[in-house]
Amino acid sequence: MGEITKPSQVLLLVAVSSGHEEAFTWARQRASHQFGQVATASTVFDFNETDYYLPTMGPNLKKQFLAYDQLVEPGRLPAIKKMTNDWEAEYAAFCSHSESRPLNLDPGYLTLAKLVLASTKDHAHRIYLNDGIYAEVTLAFRQGAWKKFEWTFPDYQREDYQQFFSECRDDLRKKLRSGHPGI
């Protein structure tokens, strides 16, 4: 029988997507109040691999990843996803943008071996966690590089995204070695 152990802490990532610059600022401030200081922020990428979000979010979408300084327990992912969904609704309620969903927040986490994303949608490759939240391994780190799966979103297959994830992975390795505190 295998011994049950406590999982290692993970690096929390939040993908922020919007067509409005002020939404990025608001999201970063809102999330920092809950998760602490941003350790690393990606550049703001053009997000044009899909038109899935066009009806609700409009054109000219951008995406930025925020990685937080404090490590988290991976079991917190469902609560974090529910929180970010609430923030999306909060922003939509008070902003003056015409889109029904002017901000999309997608939390996930990174380990030394994988990138995991949370979702409210079930699918064959997703595992139910709790409270209506599922998780999927979106990328795996093997043989020194990120490897995609057949379900990996096209934008997550981009080299510039994966370069950022590799920088985050290096940061995580240093934190785990030093016993960096989590939240």
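Read-outs throughout are calculated quantities, based only on the coordinates presented, and are distinct from any laboratory measurement. Since we're looking at a predicted model, the values are computed, not measured. A quick note on method: Cβ atoms are made from the backbone with ideal geometry, for glycine too, and the neighbour counts reach across all protein chains shown.
Using the Karplus curve 6.51 cos²θ - 1.76 cosθ + 1.60 with θ = phi - 60°, what ³J(HN,Hα) values do you get for each residue of region 65-70, in whole Hz, with x for Gly and Pro?
Couplings: 9, 10, 10, 9, 5, 7 Hz.
Could you work out how far apart the two model spin labels at Y52 and D160 are, taking each label as a point 7 Å from the Cα in the direction of the beta carbon, and quote it in nm?
The two pseudo-label positions are separated by 2.0 nm.
Give the distance, in whole Å, between the Cα centre of region 1-29 and the Cα centre of region 68-119.
Region 1-29 and region 68-119 have Cα centres separated by 6 Å.
Once the principal axes of the Cα atoms of region 1-157 are found, what is the range along each, listed largest first in whole angstroms?
Here the Cα extents, ordered largest to smallest, are 57, 33, 29 Å.
Modelled label-to-label distance, Q37 and D131, 7 Å Cα→beta-carbon offset: nm?
2.7
Would you compute, from DSSP H runs of 4+ residues alone, the mean residue ellipticity of the chain at 222 nm, taking -39500 (n - 2.57) per run and dividing by the full residue count, rounded to the nearest 500?
The helix-only estimate for the chain comes to -10000 deg cm²/dmol at 222 nm.
Which cross-chain or sequence-distant (5 or more) residues have an amide H under 5 Å from the amide H of L129, H modelled 1.01 Å from N in plane?
Y134, A135
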